[in-house]
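For reference, the structure discussed in these notes is given below.
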Amino acid sequence: MREEILSRATPPARYALIDGNSFFCNCERLFRPDLIGRPIVVLSNNDGCIVARSREAKELDLPMGAPFHPLRAALRRLGVAVFSSNYALYGDISRRMMQVIGEFSPEQEIYSIDECFLRLTGEFDSQTQGRAIRRAVWQRVGIPCAVGIAPTKTLAKFANHLAKQERGYRGVFDWHWLDEHGAARQLERAALTEIWGIGRPLAEQLLRHGITHPRALAEREPAWLRRRFGVVVERIAQELNGLPSLPLEDFAQGKQSILSSRSFSRLTGDIDALRASVAYHAARAAEKLRAQRGVAHLVGVSLRTNPHRQDLPQYRNYCCLALPQPSDDTLAIADTAARALAAIYREGYAYQKAGVMLLEIRPADRLHYDLFAPLPDGKRQRLMQTIDSINRRHGHGTLRLAAEGLSQDWRMRRAFLSPCYTTSWTQLPVAR
């Protein structure tokens, strides 16, 4: 009886999914008022493909993922602003946006660079709450966003899609605004791939079993879905029925492995260029490792030529070495990575890509050290903390390994890179 009274007194919690609209493009527009109303595209690594489009670019039917160079002349003719990916800028704007959103609930899950979930409890008006979130992000960060609210995370993600789709909703949509018939109609009209967690391969499998839209998935027997597709699809169906099956993650789970890798701007066989690349990736991976308060046991280095250049000799290899003891120390990781590179490097090849992977990652505070191994050096730990602090304050690469400067041949091609307005003192906007 007491539980029944409490359930009537306390409204069930709801989830909100907040997503920055055309996030990469609007980060570029933030410091360029002349780009307001102008179509914008952002390119992938090495300026290869279009990976982000502003609303104006979408209205020009510019395809997502299209190679840039064949479209270069057309983009210039259409007056499209083109940018190389500026992850330092996007990451800092993301941090500011998540901080503002987090003020609206103590329970927040950061899902991606431009998306996060909030768990909303108690009595509230969703229109008022949603607009308050949008207004705070716009006024304090400068990024337009949409808010979807629903009883489950999967439906909140879909509600966010509806908030963007219909301008009449003004960027906010609550699944509770729909009656039973309206909710069923929305799920019938949607494609399977519009549902969070359903990609094209899974959608094709569902279609082969007669599940043609999300409503059909929600109506299938849970036990049958588990037998055919596993527990993940069963949980998606439960979420579509308004039954929370995916808890909010208070903290991002620490990764079991960390990879830093990138294609070169041009093919190279120069060992110094490869050493510089591996040193850079080792430093970046170690920085990420410290950010999640982990230590790695193994360091892997991969090296390969361009598999699409059949006119050139092909070679690829990988070497994994154990650290002397589990560590998050950049110098120890870079030294081990250099030895792994030396083991797999072969002369006479034009290499396209190198990468560093940290494996067997464990939380630093739960690590049991070997009784006879030396304890971590306190001075080196303070050095790593100082390096991270300076690079966060003054921009990535302010302090770096000397080996990273052996050669610049491995660097990415980023011909349209904007300044790092918020993370580098030397690139602050100048008023004239």
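The values are calculated or read from the model by the stated rules, or taken from the named source; none is laboratory data. Bear in mind the structure is a predicted one, so any value in this text is a computation, not a measurement. We place every Cβ from the backbone using ideal geometry, glycine too, and count neighbours over all the protein chains shown. Note: accessible area is taken over every heavy atom of the protein model, side chains too, but ligands, DNA and RNA are not part of it. Shrake-Rupley method; radii C 1.70, N 1.55, O 1.52, S 1.80 Å.
Counting only helical runs of four or more DSSP H residues, what would the 222 nm mean residue ellipticity of the chain come to if each run contributes -39,500 (n - 2.57) and the total is spread over all its residues?
Calculated mean residue ellipticity at 222 nm is -12000 deg cm²/dmol.
So how tilted is helix 126-140 from the main axis of the chain? Cα-based, degrees 0 to 90, rounded to 10.
30 degrees
Return a whole-number percent for the relative contact order of the chain, with Cα pairs under 8 Å and 6 or more residues apart as the contact set.
16 percent
Antiparallel versus total DSSP beta bridges in the chain: what percent is that, nearest 5?
85 percent
Among the trypsin sites (Lys or Arg not before Pro) within the range 210-276, which fall in a DSSP loop and have no more than 16 other Cβ atoms within 10 Å of their own Cβ?
Hits after loop and neighbour filter: Lys255.
How far is helix 180-189 tilted, in degrees, relative to the longest principal axis of the Cα atoms in the chain, given as a value from 0 to 90 rounded to the nearest 10?
40 degrees
Hey, got a sec? Which GluC sites (Glu not before Pro) in the range 228-337 land in a DSSP loop and have at most 15 other Cβ atoms within 10 Å?
Glu249
Picking from Thr422, Thr154, Thr128, which is most flexible by a Gaussian network model of the chain using Cα springs under 10 Å?
Looking only at Thr422, Thr154, Thr128, the biggest GNM fluctuation is shown by Thr128.
Can you tell me what share of the DSSP beta bridges in the range 13-91 is antiparallel? A percent to the nearest 5 is fine.
50 percent
Quick check: the angle from helix 330-344's long axis to the longest principal axis of the chain, C-alpha only, nearest 10 degrees?
70 degrees
For the pairs Lys58/Lys157; Lys288/Lys353; Lys58/Lys353; Lys153/Lys255; Lys58/Lys288; Lys157/Lys255, note any where the Cα-Cα span goes beyond 26 Å.
Lys58/Lys353; Lys58/Lys288
Relative to the present Cα-Cα distance, how much length would full extension add between Arg413 and Ser112 at 0.36 nm per residue of separation?
Gain on extension, Arg413 to Ser112, equals 105.9 nm.
Could the peptides 23-30, 114-121 be put in order, highest first, of the mean number of other beta-carbon atoms found within 10 Å of their residues?
23-30, 114-121
Under a 1.4 Å probe, what is the accessible area of the chain per residue, stated in Å²?
That works out to 54 Å² for each residue.
Excluding ligands and nucleic acids, what accessible area in Å² is computed for Tyr280 using a 1.4 Å probe, to the nearest 10?
Probe radius 1.4 Å; accessible area of Tyr280 about 40 Å².
Which cross-chain or sequence-distant (5 or more) residues have an amide H under 5 Å from the amide H of Tyr15, H modelled 1.01 Å from N in plane?
Amide H to amide H, under 5 Å and 5 or more residues apart or across chains, Tyr15 pairs with Leu120, Ala150, Thr152.
Could you work out what % of the accessible surface of the range 198-354 is carbon and sulfur, using a 1.4 angstrom probe and leaving DNA, RNA and ligands out of the count?
49 percent
Would you pull out the residues with amide H under 5 Å of Leu246's amide H, same chain only if 5 or more places away, H placed 1.01 Å from N?
Lys153
How big is the chain along each principal axis, measuring the range of its Cα positions in Å and listing the largest first?
Taking max minus min along each principal axis of the Cα atoms, the chain gives 69, 65, 53 Å.
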